[in-house]
Structures are given as structure tokens and as C-alpha cells.
1. Only one of Ser38, Ser43, Ser27, Ser64 is under 30 Å from Thr144 (Cα atoms), of a type in the set (S, T, N, Q) and not in a strand (DSSP E or B). Can you tell me which?
2. Which of the residues that make up segment 132-167 are under 17 Å from Asn90 (Cα atoms) and surrounded by fewer than 15 Cβ atoms within 10 Å (Cβ to Cβ)?
3. Would you check if Lys111 is of a type in the set (D, E, K, R), outside any loop (DSSP other than H, G, I, E, B), closer than 18 Å to Cys7 by Cβ and at pLDDT 95 or above?
Amino acid sequence: MKNNSYCAFLRGVNVKGTAMKMAEVCSVFEKENVEKVSSILASGNILFSSDKDKKQLKIVLEKSLSTHFDYEAFLFIKSKEEIETLVVKNPLSFSAAFHVYGFVGIDGIEKILADEFEKSKKINGEEAKVEANNFYWKVPKGNTLDSEFGKILGQKKLKNYFTSRNINTFEKVLKKM
């Protein structure tokens, strides 16, 4: 069977006391018999290849990470094609004054996030769009955590369903795949 290229996006890594060395995270992946393991940045972006399907990998890797690091691991696995779509289909314009984020998560998370965004009070210039089943959010720099939507994203009720990255991170991941 053919090995597929994937990236696992770990949620909550190196924030709020969950500190991990990426080399150690990579070694946990390697123990689960995935190949070509490497990390990009220190925020939990692990590239690897495997002939197993994503659902099976998610279960095995979350369990191994949870056991090894003694925390409740959450990760979302995307194929090279899915990351390419996320990067290429980004509908939001870039500006030096704004961050643009892409989100990965459970099936249907883009609809949940879009609904939450619509209900939230917006900061000047803040916007969000869904394109190709991906949710994108543009927010003025310095306001990511202070905007009403940013606070909604931090709520416990949503935390296990998604993770986000600056669109630049997705571009870096894609270039390394």
C-alpha cells in the first residue's frame, strides 16, 4: 500500500503549561511506525508518512502522546492535498495590519465556527469566510485573543474540536511536504 504524506496539527502545544520538545514528539510518532517524521515550528506541526488511514492514525497517535506526555492529546491530521486546498482557497486578503488564520478540526467544524463568528461582535476589519469546507478568520494584529470571537475560540466547549494556525504556517507545512 502507498504511503501518504500527512501533517498532524496538535492542539494546545507549548501554551498554558503544556511544554513539549518537538524532537520528543517526533520520537513518539516514530514509535508508532510512521515514517519521514519531522516538525515545523514549535507549535505542534508534525509531518510524516504512513499507509494507515487518518482515523486510525488519529486514535493511535493521540493515545501515544497522551501516555508519553501525561496530558489529554488532541490532534487533527490533514493530507498534503487537504493542506494545499486550505492554502490555495484562502478567500481573505493579506495585509500587514492583520493576521489570517485557517482552522482544522472535526468534520463540520467550519459551520460551527461560522455560526459562532456571525453571532459575535466584530472588530473593525475583522472577517471570516468558509471556502472549500475550511474556515478562515482575519483579525487585526494584536486583537486575536481580545476580540469577542477570539474569546469564543478559547471556550472549553469548543477546545477539543479544532486547532488553528496562521495561514503562513500552513504555507510552510505545504512547502516541506
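The values are calculated or read from the model by the stated rules, or taken from the named source; none is laboratory data. Source: prediction; values computed, not measured. Backbone-built Cβ (ideal geometry, glycine too); neighbour counts: all protein chains shown.
1. Exactly one residue qualifies, and that residue is Ser43.
2. Listed by number, the residues that qualify are Ala132, Asn133.
3. Answer is no for this residue.
For every residue, the table says whether it meets (1) at pLDDT 95 or above; (2) surrounded by 12 or more Cβ atoms within 10 Å (Cβ to Cβ); (3) not in a strand (DSSP E or B).
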| residue | (1), (2), (3) |
| --- | --- |
| Glu82 | yes, yes, yes |
| Thr85 | yes, yes, yes |
| Glu118 | yes, no, yes |
| Lys122 | yes, yes, yes |
| Val130 | yes, yes, no |
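Results for (1) part of a helix (DSSP H, G or I); (2) outside the structural domain of Asp53 (by TED's automatic domain parsing); (3) under 25 Å from Ala42 (Cα atoms); (4) among the aliphatic types (A, V, I, L, M), shown as yes or no for each residue.
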| residue | (1), (2), (3), (4) |
| --- | --- |
| Val100 | no, yes, yes, yes |
| Asp115 | yes, yes, no, no |
| Asn143 | no, yes, yes, no |
| Ile152 | yes, yes, yes, yes |
| Lys172 | yes, yes, yes, no |
